[in-house]
């Protein structure tokens, strides 16, 4: 089982330059890849996406790609002087109208892509098949480290989830033991309640037993307990499944919601203190598990 959070970074020395690749992933419902760096191009994005989509299922992945150690002639500097002059003239007019309270720095202006942009001429090399293969292999190495990081955290999450599941299992076992004598207990309480309210009248014992039996049948929680046991076993099977090529987190989130729904049904069917205490324990542990599986891929 893998987490969706992790980080990996590595520098690779190629022929004329070095590249620094960094991958950071966070929780997300789907696989979302976005890019940061000084040499991002549609081609580089495609190379990254092709590699990442083969090995990741979910997560918000930030890709950092930097070209390092290249010579000055490997960069093109684009400065739109005409646009810069127009912007400076407009700023001067604004200052005349509003005074020196309005301030703009050259640093702010140069961050506008339309005015100032630095582009690597090495992008053309990325189009060569050997270079593309080098970049792809480098990405794969960093991605392997990211997956290993996600796997380590996933193992820790699995241990936490199994601990909560064990506590919930014990409470469920207690409920199963209570069920054996629960019907007799509920029947006795209903009979006593009916007799207390109608004690001044002649009582038809058979009718009292019949009404109490109907109430007991409506309070039966055996089916809910059985379904919770099935769901809990499925959770444990998912955690222990060595196959990570499907979205375990989504299925586990659904299962915890189903268990919570069953516990709400049990709580609504009977208000016996012994039952309610166990239900609260199961709900508490399922809420813990549900929080943890939000980070499971």
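Compute the distance from the alpha-carbon center of the stretch 39-61 to that of the stretch 224-297, in whole Å.
So the separation of the two Cα centres works out to 34 Å.
To make sure I understand, if each residue's beta carbon is the centre and we count other beta carbons within 10 Å, what order do 165, 114, 280, 84 fall in, fewest to most?
114, 280, 84, 165
Give the order of 25, 138, 3 when sorted by the count of other beta carbons within 10 angstrom, beginning with the fewest.
Ordered from fewest to most neighbouring Cβ atoms within 10 Å, 25, 138, 3 come out as 138, 3, 25.
Can you tell me how the stretch 18-58 classifies by the Cα gyration tensor, rounded, prolate or oblate, using a/c under 1.5 as the rounded cut?
Verdict is prolate for the stretch 18-58.
Roughly speaking, what is the centre-to-centre gap between the stretch 148-174 and the stretch 76-101 when only Cα atoms are used, to the nearest Å?
Answer, in whole Å: 60.
Rank these for me by crowding, 220, 149, going from fewest to most other beta carbons within 10 Å.
Fewest-to-most Cβ neighbours within 10 Å comes out as 220, 149.
For residue 30 and residue 88, calculate 0.36 nm times their separation in residues minus their Cα-Cα distance, and state this gained length in nm to one decimal.
16.5 nm
Laboratory data are not the source of any read-out in this text; all were calculated from the coordinates shown. Worth saying up front: this structure is predicted, and the values here are computed from it rather than measured. In this analysis, Cβ positions are derived from the backbone assuming ideal geometry, glycine residues included, and neighbour counts consider all displayed protein chains.
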